Amino acid sequence: MRWQVKYALNNMNEASDRIKAEYVEGDLIRIEAKEQPDVLALISDTYTMNKTLVEKYVKESPSIDFLCGYRKDCVWEGEAIYFLEQNKIGWGNYGTLYSAALEGNANFAEHKVFFFAARLIHQYGIVKNAEREFDRVFRVTLKNGRGIRIGLIPDYEPTADNVRSLWDKFGPLDIAWNFNPNGKPTSAAKAVGEELGCKVLMTGDIKGYLQSL
(Lines give C-alpha, C1' and ligand atoms only; values in the text may rest on other atoms or scores of the structure.)
Protein backbone atom coordinates (compact mmCIF):
# COMPACT_ATOMS: atom_id res chain seq x y z
CA MET A 1 0.00 0.00 0.00
CA ARG A 2 1.50 3.32 -1.06
CA TRP A 3 2.01 6.19 1.38
CA GLN A 4 -0.77 8.46 0.10
CA VAL A 5 -3.34 5.67 0.23
CA LYS A 6 -2.32 4.81 3.79
CA TYR A 7 -2.61 8.45 4.90
CA ALA A 8 -5.97 8.89 3.19
CA LEU A 9 -7.37 5.77 4.88
CA ASN A 10 -6.04 6.73 8.31
CA ASN A 11 -7.27 10.31 8.09
CA MET A 12 -10.68 9.30 6.80
CA ASN A 13 -11.26 6.67 9.47
CA GLU A 14 -10.09 8.92 12.30
CA ALA A 15 -12.07 11.98 11.20
CA SER A 16 -15.64 11.03 12.08
CA ASP A 17 -17.87 8.11 13.06
CA ARG A 18 -20.09 9.08 10.11
CA ILE A 19 -17.56 7.81 7.60
CA LYS A 20 -15.51 4.66 7.05
CA ALA A 21 -12.89 3.89 4.40
CA GLU A 22 -11.37 0.57 3.35
CA TYR A 23 -8.57 -0.46 1.04
CA VAL A 24 -9.57 -2.02 -2.28
CA GLU A 25 -6.44 -2.50 -4.39
CA GLY A 26 -3.64 -0.45 -5.95
CA ASP A 27 -4.42 3.20 -5.22
CA LEU A 28 -8.15 2.61 -4.75
CA ILE A 29 -10.19 3.02 -1.58
CA ARG A 30 -13.91 2.64 -0.92
CA ILE A 31 -15.64 5.14 1.33
CA GLU A 32 -18.92 4.54 3.15
CA ALA A 33 -20.73 7.52 4.64
CA LYS A 34 -24.00 7.32 6.54
CA GLU A 35 -27.06 7.77 4.32
CA GLN A 36 -24.88 8.43 1.24
CA PRO A 37 -23.80 6.24 -1.71
CA ASP A 38 -20.44 4.51 -1.47
CA VAL A 39 -17.53 6.28 -3.16
CA LEU A 40 -14.76 4.54 -5.04
CA ALA A 41 -11.80 6.91 -5.03
CA LEU A 42 -8.36 6.73 -6.58
CA ILE A 43 -5.70 8.40 -4.41
CA SER A 44 -2.81 9.72 -6.52
CA ASP A 45 0.57 11.02 -5.38
CA THR A 46 1.36 12.87 -8.61
CA TYR A 47 2.36 16.53 -8.73
CA THR A 48 0.58 17.30 -12.03
CA MET A 49 -2.74 15.93 -13.26
CA ASN A 50 -2.75 16.12 -17.05
CA LYS A 51 -5.20 14.60 -19.52
CA THR A 52 -2.93 11.70 -20.49
CA LEU A 53 -2.55 10.65 -16.86
CA VAL A 54 -6.23 10.94 -15.89
CA GLU A 55 -7.27 9.05 -19.01
CA LYS A 56 -4.88 6.27 -17.93
CA TYR A 57 -6.35 6.27 -14.41
CA VAL A 58 -9.90 6.04 -15.74
CA LYS A 59 -9.03 3.35 -18.29
CA GLU A 60 -7.47 1.23 -15.55
CA SER A 61 -10.25 1.97 -13.02
CA PRO A 62 -13.38 2.90 -15.00
CA SER A 63 -15.70 2.66 -11.98
CA ILE A 64 -14.10 5.43 -9.91
CA ASP A 65 -16.33 8.21 -8.62
CA PHE A 66 -13.53 10.56 -7.57
CA LEU A 67 -9.88 11.20 -8.41
CA CYS A 68 -7.91 12.64 -5.50
CA GLY A 69 -4.62 14.49 -5.89
CA TYR A 70 -3.29 13.91 -2.39
CA ARG A 71 -0.25 16.19 -2.54
CA LYS A 72 -0.95 19.71 -1.29
CA ASP A 73 0.81 21.28 -4.28
CA CYS A 74 -0.79 19.03 -6.91
CA VAL A 75 -1.74 21.03 -10.04
CA TRP A 76 -4.65 20.07 -12.32
CA GLU A 77 -4.51 20.97 -16.00
CA GLY A 78 -7.69 22.21 -17.64
CA GLU A 79 -7.98 19.38 -20.18
CA ALA A 80 -7.76 16.84 -17.37
CA ILE A 81 -10.50 18.65 -15.45
CA TYR A 82 -12.82 18.77 -18.46
CA PHE A 83 -12.23 15.07 -19.18
CA LEU A 84 -13.19 14.10 -15.63
CA GLU A 85 -16.25 16.33 -15.60
CA GLN A 86 -17.45 14.88 -18.91
CA ASN A 87 -17.13 11.41 -17.41
CA LYS A 88 -18.93 12.40 -14.19
CA ILE A 89 -15.87 11.88 -11.99
CA GLY A 90 -15.17 14.30 -9.16
CA TRP A 91 -11.70 15.76 -8.69
CA GLY A 92 -9.68 17.66 -6.12
CA ASN A 93 -7.71 17.30 -2.91
CA TYR A 94 -8.32 15.13 0.14
CA GLY A 95 -10.54 17.76 1.75
CA THR A 96 -12.73 17.82 -1.34
CA LEU A 97 -13.05 14.04 -1.30
CA TYR A 98 -13.96 13.96 2.40
CA SER A 99 -16.66 16.62 2.02
CA ALA A 100 -18.02 15.05 -1.16
CA ALA A 101 -18.37 11.62 0.48
CA LEU A 102 -20.35 13.12 3.37
CA GLU A 103 -22.52 15.20 1.04
CA GLY A 104 -23.14 12.46 -1.51
CA ASN A 105 -21.90 14.40 -4.55
CA ALA A 106 -18.53 12.75 -5.23
CA ASN A 107 -19.15 12.34 -8.97
CA PHE A 108 -19.66 16.07 -9.47
CA ALA A 109 -17.40 17.58 -6.82
CA GLU A 110 -14.51 19.85 -7.78
CA HIS A 111 -11.48 21.15 -5.89
CA LYS A 112 -12.95 22.98 -2.91
CA VAL A 113 -10.06 25.47 -2.68
CA PHE A 114 -10.92 26.98 -6.07
CA PHE A 115 -14.65 26.20 -6.26
CA PHE A 116 -15.95 29.58 -5.12
CA ALA A 117 -13.83 31.65 -7.50
CA ALA A 118 -14.45 29.29 -10.43
CA ARG A 119 -18.21 29.65 -10.00
CA LEU A 120 -18.06 33.40 -9.46
CA ILE A 121 -16.20 34.02 -12.73
CA HIS A 122 -19.08 32.48 -14.69
CA GLN A 123 -21.67 34.58 -12.83
CA TYR A 124 -20.31 37.95 -13.88
CA GLY A 125 -22.66 39.34 -16.53
CA ILE A 126 -19.78 40.89 -18.45
CA VAL A 127 -18.03 37.54 -19.01
CA LYS A 128 -18.81 35.83 -22.32
CA ASN A 129 -16.63 32.78 -21.84
CA ALA A 130 -14.18 31.40 -19.28
CA GLU A 131 -11.80 28.62 -20.29
CA ARG A 132 -10.03 26.80 -17.49
CA GLU A 133 -6.35 26.30 -18.35
CA PHE A 134 -5.41 25.01 -14.89
CA ASP A 135 -7.28 24.54 -11.61
CA ARG A 136 -6.18 28.09 -10.70
CA VAL A 137 -5.87 29.84 -14.08
CA PHE A 138 -8.69 31.00 -16.37
CA ARG A 139 -8.60 32.60 -19.79
CA VAL A 140 -11.62 34.89 -19.82
CA THR A 141 -13.29 36.55 -22.80
CA LEU A 142 -15.44 39.56 -21.95
CA LYS A 143 -18.57 40.47 -23.89
CA ASN A 144 -16.70 43.39 -25.45
CA GLY A 145 -14.24 40.89 -26.95
CA ARG A 146 -11.39 41.66 -24.57
CA GLY A 147 -9.38 38.62 -23.50
CA ILE A 148 -7.70 38.44 -20.09
CA ARG A 149 -5.91 35.77 -18.08
CA ILE A 150 -6.76 35.42 -14.39
CA GLY A 151 -4.75 33.47 -11.81
CA LEU A 152 -6.18 32.54 -8.39
CA ILE A 153 -4.36 33.02 -5.09
CA PRO A 154 -6.08 31.44 -2.05
CA ASP A 155 -3.67 32.74 0.60
CA TYR A 156 -4.94 34.92 3.42
CA GLU A 157 -2.31 37.59 2.89
CA PRO A 158 -0.56 37.08 -0.48
CA THR A 159 3.08 38.12 -0.56
CA ALA A 160 5.30 39.26 -3.39
CA ASP A 161 6.57 35.69 -3.65
CA ASN A 162 3.01 34.34 -4.05
CA VAL A 163 2.40 36.63 -7.01
CA ARG A 164 5.76 36.02 -8.64
CA SER A 165 5.53 32.24 -8.16
CA LEU A 166 2.08 32.14 -9.77
CA TRP A 167 3.40 34.13 -12.74
CA ASP A 168 6.58 32.06 -13.09
CA LYS A 169 4.79 28.71 -12.88
CA PHE A 170 1.71 29.43 -15.01
CA GLY A 171 2.83 32.23 -17.33
CA PRO A 172 1.85 35.90 -17.76
CA LEU A 173 -1.37 37.04 -16.06
CA ASP A 174 -3.53 40.12 -16.33
CA ILE A 175 -5.03 39.63 -12.88
CA ALA A 176 -3.83 37.80 -9.76
CA TRP A 177 -7.05 37.32 -7.81
CA ASN A 178 -6.76 36.96 -4.04
CA PHE A 179 -10.15 35.26 -3.63
CA ASN A 180 -9.86 34.46 0.08
CA PRO A 181 -12.90 36.33 1.51
CA ASN A 182 -10.79 37.58 4.41
CA GLY A 183 -7.64 38.06 2.36
CA LYS A 184 -5.74 41.25 1.75
CA PRO A 185 -2.66 41.33 -0.51
CA THR A 186 0.45 42.95 0.93
CA SER A 187 1.76 46.18 -0.58
CA ALA A 188 4.79 44.18 -1.76
CA ALA A 189 2.48 41.77 -3.62
CA LYS A 190 0.77 44.66 -5.38
CA ALA A 191 4.15 46.21 -6.22
CA VAL A 192 5.37 43.00 -7.83
CA GLY A 193 2.10 42.80 -9.74
CA GLU A 194 2.62 46.31 -11.11
CA GLU A 195 6.19 45.39 -12.04
CA LEU A 196 4.94 42.39 -13.99
CA GLY A 197 1.98 44.22 -15.52
CA CYS A 198 -0.52 42.26 -13.45
CA LYS A 199 -3.26 43.69 -11.21
CA VAL A 200 -3.43 42.09 -7.76
CA LEU A 201 -7.09 42.32 -6.73
CA MET A 202 -9.46 41.12 -4.02
CA THR A 203 -12.90 39.65 -4.75
CA GLY A 204 -14.69 42.93 -4.13
CA ASP A 205 -12.57 44.64 -6.80
CA ILE A 206 -12.81 42.07 -9.60
CA LYS A 207 -16.20 42.88 -11.12
CA GLY A 208 -15.58 46.64 -11.14
CA TYR A 209 -12.18 46.20 -12.75
CA LEU A 210 -13.55 43.91 -15.46
CA GLN A 211 -16.29 46.45 -16.18
CA SER A 212 -13.65 49.14 -16.66
CA LEU A 213 -11.81 47.22 -19.41
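DSSP loop (so not H, G, I, E, B), at most 15 other Cβ within 10 Å: list which GluC sites (Glu not before Pro) in the range 28-86 pass both filters.
GLU35
Running Debye on the range 104-213 with equal point scatterers at the Cα sites and no solvent, what base-10 log of I(q)/I(0) appears at q = 0.16 Å⁻¹?
For the requested q values the scattering log ratios are -0.68.
If you fit an axis through the alpha-carbon atoms of helix 187-196 and take the longest principal axis of the Cα set of the chain, what angle between them do you get, 0 to 90°, nearest 10?
Tilt of helix 187-196: around 80 degrees.
Run the 1.4 Å probe and let me know the accessible area of THR96, rounded to the nearest 10 Å².
Ignoring ligands and nucleic acids, THR96 comes out at about 10 Å².
Which whole-Hz couplings ³J(HN,Hα) result when phi for each residue of the range 30-39 is put into the Karplus expression 6.51 cos²θ - 1.76 cosθ + 1.60, θ = phi - 60°, listed in order with x for Gly and Pro?
Values, residue by residue: 10, 10, 10, 10, 4, 6, 10, x, 5, 10 Hz.
Using the Karplus curve 6.51 cos²θ - 1.76 cosθ + 1.60 with θ = phi - 60°, what ³J(HN,Hα) values do you get for each residue of the range 127-144, in whole Hz, with x for Gly and Pro?
Values, residue by residue: 8, 7, 8, 9, 9, 8, 8, 9, 4, 10, 9, 10, 9, 10, 10, 7, 5, 7 Hz.
Radius of gyration and Dmax for the range 41-98's Cα atoms, expressed in Å?
Rg and Dmax of the range 41-98, Cα atoms, are 9.9, 26 Å.
So what are the range 162-213's ellipsoid semi-axes, whole angstrom, largest first, if each one is the square root of 5 times an eigenvalue of the alpha-carbon gyration tensor?
After scaling each eigenvalue by five and taking roots: 17, 13, 10 Å.
Obtain the nm distance between the two label points defined at LYS72 and LYS56 by a simple spin-label model: each point lies 7 Å from its Cα along the Cα-to-C-beta direction.
Label at LYS72, label at LYS56, 2.7 nm between them.
With no solvent and one point per C-alpha, what does the Debye sum give as log10 I(q)/I(0) for the chain at q = 0.11, 0.13 Å⁻¹?
Rounded to two decimals, the profile gives -0.57, -0.77.
Can you spot the lysines whose alpha carbon is less than 24 Å from LYS199's alpha carbon? Ignore those fewer than 8 places along the same chain.
The qualifying lysines are LYS128, LYS143, LYS169, LYS184, LYS190, LYS207.
In Å², and per residue, what accessible area does the chain have when probed at 1.4 Å with the other protein chains present?
Accessible surface, normalised per residue, equals 51 Å².
Among ILE29, TRP91, ALA117, whose Cα projects farthest towards the positive end of the dipole of the range 14-118, with charges put on the beta-carbon of Lys, Arg (+1) and Asp, Glu (-1)?
Final value for the positive-end residue is ALA117.
State, to one decimal in nm, how far the label point of VAL24 lies from the label point of ASP161, with both points 7 Å from Cα in the Cβ direction.
3.9 nm
Grab the DSSP H runs of the chain that are 4 residues or longer, score each as -39,500 (n - 2.57), total them, divide by all residues and round the 222 nm result to the nearest 500 deg cm²/dmol.
-11500 deg cm²/dmol
Using a simple spin-label model with points 7 Å from Cα along the Cα→Cβ vector, what separation in nm is obtained for GLU85 and ALA15?
Taking the simple label geometry, GLU85 and ALA15 are separated by 2.3 nm.
Please give the length that would be gained between ARG119 and THR46 if that part of the chain were fully extended, namely 0.36 nm times their separation in residues minus their C-alpha to C-alpha distance (nm, one decimal).
The ARG119-THR46 span can extend by a further 23.7 nm.
What percentage of the solvent-accessible surface of the chain, computed with a 1.4 Å probe over protein heavy atoms, is contributed by carbon and sulfur atoms?
The computed percentage sits at 47.
The values are calculated or read from the model by the stated rules, or taken from the named source; none is laboratory data. These numbers were taken from a predicted model, which means no experiment stands behind them. Note that each Cβ is placed from the backbone with ideal geometry, even for glycine, and that neighbours are counted across all protein chains shown. Accessible surface areas use protein heavy atoms only, side chains included; no ligands, DNA or RNA. Shrake-Rupley method; radii C 1.70, N 1.55, O 1.52, S 1.80 Å.
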